[in-house]
1. Could you check the stretch B:201-223 and list, in sequence order, the residues that are modelled with pLDDT under 90 and part of a helix (DSSP H, G or I)?
2. From the list A:R19, A:R90, which residue is of a type in the set (K, R), in contact (Cβ under 8 Å) with a residue 24 or more places away in the chain and within 14 Å of chain B (Cβ to nearest Cβ)?
3. Name the strands (runs of 3 or more DSSP E) wholly within the stretch B:1-113 that hold at least 1 residues that are farther than 15 Å from B:R167 by Cα and among the basic types (K, R)?
4. Within the stretch A:39-49, count every residue that is at pLDDT 95 or above and within 27 Å of B:T126 (Cα to Cα).
5. Residue check, B:V170 against (1) within 14 Å of chain A (Cβ to nearest Cβ); (2) part of a helix (DSSP H, G or I); (3) farther than 30 Å from A:K69 by Cβ, all met but one. Which one?
6. Read through the list (1) closer than 26 Å to B:L121 by Cα; (2) at pLDDT 90 or above, then give the number of the only condition that B:G59 fails.
7. Would you point out the residue of the stretch B:98-127, among those that are small (G, A, S) and modelled with pLDDT under 90, that is surrounded by the most Cβ atoms within 10 Å (Cβ to Cβ)?
8. State which residue is nearest to the other protein chains (Cβ to nearest Cβ) when the search covers only the stretch A:25-75 and only residues that are part of a strand (DSSP E or B) and either closer than 23 Å to B:E84 by Cα or more than 11 Å from the chain's Cα centre (by Cα) (or both).
Amino acid sequence: MEYHVKDGAGRGNVALSGRLTFSDAPQFSKVLDVIVKRGAAGCDIDLAGLDFIDSTGMSLFVYVYDAAKSEALDIRMLNVKGAVREALCRAGFDTLFPLG
Amino acid sequence: MSLLRRRNVDEATAAAVAAELGAGAAKVTVFDSRCEDSLDEVLSGATLVVDIACDGFPGPVAAGRRALVLRIATTAAARLDVAESVAAALLARWPSAAGRRGDIHTALQEAIGNAVMHGNLALDGTMRRLRESLPVFGATMAERLADPVYGRRPITITAEWAKRRLRVSVEDVGSGFDPAFRPLDCRCPQGNGIADILGRCQEVTFSAGGRCISMVFAAPSPT
């Protein structure tokens, strides 16, 4: 998985691409910090380039959700499509975040 | 027996592996995962596929005509898209499963992830429960993947199929676990993998003290 920071006017934007799987667990802490530190205006997580996600990959978004709640951050998930959208909905993540 | 050796595998090593397998009429491919970027070609046409980058030979393997056995090092299982390559190889051999590709791929991915992280790398899943301990979990995982003591531990994937049924097993050499522990809350950072597998298979069994998971998929009913 790769991530790219594209901060826009007033909001952070972090784009994830490739495959988000258990292999990426060593960098979860770093990616989480990048998302949370985008600023008080909130952060958009763009999944347009994400091809596949497994349950360990989904756990990253659990941490994002918990951080958003505890730090009153506005997190939006954008361009959630295909197999990634299906996997997130199947696991109930659409109850944690609106999936755009 | 038909023996194929991939790049960087010398003849003597390949022959020794084949002898240990007692492969009979099987098609054997011996490869070095450190020299491969994908398993697609490695799995093509073979019955028994063995990675010399992992410790220990598998011993005699009884693999029927409708079987595929892959033994691969933990480091490679974390680096390569094993689930996708194995799922594609199985679909090529068992076209009846075309409608179950997503389930087979995802179930394999979850099983392999568990075998890597909690089996062979012996990572404590409770370290993933809290954000505060996430850096320690990540650092430990990276450290153990780079350590040959852990990284060379084998993961064995065995698939056998009949006309309308496919059984796939994933086995590690870790200390095992109690399959009764299955947190199903999607808000828990761990434990969803097995729940996902259960939702995609007709039958799931655990053996070898939790080190082996066997998953059965039924072919879609003919329309």
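The values are calculated or read from the model by the stated rules, or taken from the named source; none is laboratory data. Note that this is a predicted model, so its numbers are computed, not measured. No Cβ is skipped: glycine too gets one built from the backbone with ideal geometry, and neighbour counts run over all protein chains shown.
1. None; the set is empty.
2. Details: A:R90 fails: in contact (Cβ under 8 Å) with a residue 24 or more places away in the chain.
After applying the criteria, what remains is A:R19.
3. By residue number, B:2-5, B:27-31, B:67-73.
4. 0
5. (2)
6. Among (1) closer than 26 Å to B:L121 by Cα; (2) at pLDDT 90 or above, B:G59 violates only (2).
7. Within the stretch B:98-127, the subset small (G, A, S) is B:98-99, B:102, B:107, B:111, B:113, B:115, B:119, B:122, B:125.
From what is left, the residues that are modelled with pLDDT under 90 are B:98-99, B:125.
On the way: B:A98: 10, B:G99: 11, B:G125: 17.
Only one residue tops the list, namely B:G125.
8. From the stretch A:25-75, those part of a strand (DSSP E or B) are A:43-53, A:75; that's our starting set.
Retained after the next criterion (residues that are either closer than 23 Å to B:E84 by Cα or more than 11 Å from the chain's Cα centre (by Cα) (or both)): A:47-53.
Details: A:L47: 17, A:A48: 20, A:G49: 16, A:L50: 14, A:D51: 10, A:F52: 8, A:I53: 10 Å.
Looking at the filtered set, the residue picked out is A:F52.
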